[in-house]
Amino acid sequence: MGRAVRVLIVDDSALVRQVLSELLSQDPTLEVVGTAADPLIAREKIRTLRPDVLTLDVEMPRMDGLAFLEELMRIQPMPVVMVSAVTTAGCEATLRALELGAVDFITKPRLDLRERLPEVAREVIEKVKGAARARPRRLALPPPPPVRANRPFAFRTTDRLIAVGASTGGTEALRVFLAALPPDSPGVVVVQHMPERFTRAFAERLDRLCAVRVKEAGEGDRVLAGHVLVAPGSHHLRVIRDGATFVVRLGGDPPVNHHRPSVDVLFESCAEAAGPNAVGVIMTGMGEDGARGLLALRRAGGRTLAQDEVTSVVFGMPRAAIALGAAERVLPLERLAAEALRLATSADPGRERPDAAGVG
């Protein structure tokens, strides 16, 4: 067994520091080597304790978490998990932290809901361990310029769609992917593992940055060219055919692969409803969610892509999909949008269909 992952907790609340320390200490592969009440203390403790992962509160005295994170990522990039308040301001600050290079975030534990602490413990432990395996980044990735086609896109509004699934590292990967799409691209549906309230802020932020229109999906929304629908936190998103159009259905049924929304649920619905008219893209993320769904989509004649290891913050979900034979091609992040667009606007969708064993 290798050495434990060394964690430094930075939070101005003594009670939150204590609770996070207790939760993380439940896992023998994690070691809380110290805590700090503000970033100025944290600077010194990073030098002396050499942690592998930092948990960082967004709002703190003397120096806020975002300013400290930006400084840290310029000078000494390391895996950081943000601790966020579930407020509008907290959502915006957390999304900015992910742009600056934070690997992931957890919502601040509700100390009045002690019965939920086992569930919170699982999430905190999973995300800190995932962060320890992540590739820290120096500030935000610049998106490539929007893809330009050499000819007008030859598709009707509901002919083709692009389905994208991501988790850890996905907020920035999706920003790069969607910012590269032109305003008349095929309709896009997205599952990003993210809790309630954050998905709306995430969609609004993307809408300001992209040529396509981005919104949090609502029940019965149509999948339209030039539009992106993001699954709301705590709801599965399924695509169904309704006459000549594709629409989305939202469901509060149980989590799949510990997630709601689940990427598997999205991809499997696209396999059934769209088949050869769908392109599936699986991106950076922990675990295996989306791998089986992407295989189902490929077996149904859809085209399938996976993000490569070098550009993934965490190569869990793409690795699992590749191992199943679900990914037709494996590409770096900066090439995914152009290839997805090429496949979605091709005159011959669904060219390759692997056999029942999933081997292409």
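To the nearest 20 debye, what charge dipole does segment 30-78 have about its Cα centre, counting +1 at the Cβ of each Lys and Arg and -1 at the Cβ of each Asp and Glu?
Numbers: 6 positive and 9 negative charges, 51 e Å.
In total the dipole reaches around 240 debye.
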So, taking all protein chains as they sit and a 1.4 Å probe, how much accessible area belongs to L324, in Å² rounded to tens?
60 Å²
If you build a Gaussian network model of the chain, linking Cα atoms that sit under 10 Å apart, which residue out of T245, T35, T171 swings the most?
T245
Starting from 0 in steps of 20 Å, tell me what percent of the Cα-Cα pairs of the chain lands in each bin.
31, 55, 14, 0
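Starting from the Kirkwood radius over alpha-carbon pairs of segment 21-102, derive D by Stokes-Einstein at 4 °C in a medium of 1.567 mPa s and give it in µm² s⁻¹.
Numbers: Rh = 13.3 Å.
D, rounded to a whole number, is 98 µm²/s.
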Tell me the per residue accessible area of segment 47-86 using a 1.4 Å probe; a whole number in Å² is fine.
43 Å²
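May I ask you to give the percent of accessible area on the chain that is carbon plus sulfur, with a probe radius of 1.4 Å? Each step should come with its number before you reach the end.
Details: 7490 of 14860 Å².
Carbon and sulfur: 50 percent of the exposed surface of the chain.
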Would you work out the relative contact order for segment 202-270, in percent, from Cα pairs under 8 angstrom that are 6 or more residues apart?
26 percent
Just by accessible area at a 1.4 angstrom probe, what is the order of H258, H235 from largest to smallest?
H258, H235
FRET efficiency for S25 and A244, Cβ-Cβ distance as r, R0 = 45 Å, nearest 0.05?
0.20
Relative intensity, log₁₀ I(q)/I(0), of segment 1-49 from a Debye sum that treats every alpha carbon as a point, q = 0.15, 0.27, 0.29 Å⁻¹
-0.39, -0.99, -1.07
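So for segment 151-249, what percent of the C-alpha to C-alpha distances run longer than 16 Å?
Numbers: 2510 of 4851 pairs.
Result for the distance tail: 52 percent.
By DSSP, what percent of the beta bridges with both residues in segment 173-329 are antiparallel, rounded to the nearest 5?
On the way: 9 of 22 bridges.
Beta bridges within segment 173-329, antiparallel portion: roughly 40 percent.
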Cβ neighbours within 10 Å, averaged per peptide: list 223-232, 58-67 in order, most packed at the top.
223-232, 58-67
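In whole percent, what relative contact order does segment 149-304 give with Cα contacts below 8 Å and a gap of six or more residues?
Working: 373 pairs, mean separation 39.3, N = 156.
Relative contact order, segment 149-304: 25 percent.
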Length released on extending from R213 to A89, taking residue separation times 0.36 nm less the Cα-Cα span:
42.4 nm
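How many percent of DSSP beta bridges within the chain run antiparallel, rounded to 5? Could you put the intermediate results ahead of the total?
Details: 9 of 53 bridges.
Around 15 percent of the beta bridges assigned by DSSP in the chain are antiparallel ones.
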Calculate the radius of gyration of the Cα atoms of segment 233-319 to one decimal place, then report Dmax, the largest Cα-Cα distance, as a whole number, both in Å.
12.9, 42
Rel. contact order, % - alpha carbon contacts under 8 angstrom, at least six apart, segment 26-110:
26 percent
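Where the convex hull is taken over the Cα atoms of segment 191-293, what is its projected area averaged over directions, in nm²?
On the way: hull surface 25.8 nm².
Mean projected area for segment 191-293: 6.5 nm², to one decimal.
The values are calculated or read from the model by the stated rules, or taken from the named source; none is laboratory data. Predicted, not measured: the structure shown is a model, and the values here were computed from it. When we count neighbours, we look across all protein chains shown, and the Cβ atoms used for this are built from the backbone with ideal geometry, even at glycine. Surface accessibility is based on the protein's heavy atoms, side chains included, excluding ligands, DNA and RNA. Shrake-Rupley method; radii C 1.70, N 1.55, O 1.52, S 1.80 Å.
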